[in-house]
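Written out below as structure tokens is the structure these notes cover.
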Amino acid sequence: MSSFKRADRVADLIKMEIADLLLKDVRDPRIGSLTITGVKVTDDLRTAKVYFVEMGKDACSADLRAGLGKATGFLRRELGRRLQLRHVPELLFEYDPSFAYGNRIETLLKEIHENEGMNAPAD
């Protein structure tokens, strides 16, 4: 018997379908550089938090949020057509700050490595 919860399986399906819809069907240019990083669905399957990042940026622009707000109804309707669920979850889009945090750590490590190279004794 599998130990996966139904909410986790539905979250994976929603992530794949939203990524596909954003790539192929949403025509809004404000959403062009969006990547879905994860989806968390409540146990009752009523709400889905969709985490995203805007590629190449450490913060989310207001235009991107407006584009997502405009596309939410379309995405939910298409999910209803593609997934066979009694109720399609309400979609809540949230910016995923973990990528910006990772970039900051990478920059700091690079600076430390460069400083160690400068302070190394000459042979």
Right, V39: within 12 Å of the chain's Cα centre (by Cα), surrounded by 15 or more Cβ atoms within 10 Å (Cβ to Cβ) and at pLDDT 90 or above or not? yes
I'd like to know if the stretch 87-95 contains one or more residues that are surrounded by 13 or more Cβ atoms within 10 Å (Cβ to Cβ) and among the β-branched types (V, I, T). yes
Is the stretch 99-118 home to any residue that is surrounded by 13 or more Cβ atoms within 10 Å (Cβ to Cβ) and either more than 20 Å from D8 (Cβ to Cβ) or among the β-branched types (V, I, T) (or both)? yes
When you go through (1) loosely packed, with under 15 Cβ neighbours inside 10 Å; (2) touching a strand residue (DSSP E or B) at 6+ places or on another chain (Cβ under 9 Å) one by one for K57, which number turns out not to apply? (2)
Among the candidates F93, F99, residue that is in contact with a strand residue (DSSP E or B) (Cβ under 8 Å, 6 or more places away or on another chain) and part of a helix (DSSP H, G or I): F99
Of all residues in the stretch 10-32, count the ones that are of a type outside the set (A, V, I, L, M, F, W, C), more than 16 Å from K70 (Cβ to Cβ) and touching a residue at least 12 places away in the same chain (Cβ under 8 Å). 3
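The values are calculated or read from the model by the stated rules, or taken from the named source; none is laboratory data. It should be emphasised that the depicted structure is a prediction, and the values quoted were computed from it without experimental measurement. Reconstructed Cβ throughout: ideal geometry from the backbone, glycine too, with neighbour counts over all protein chains shown.
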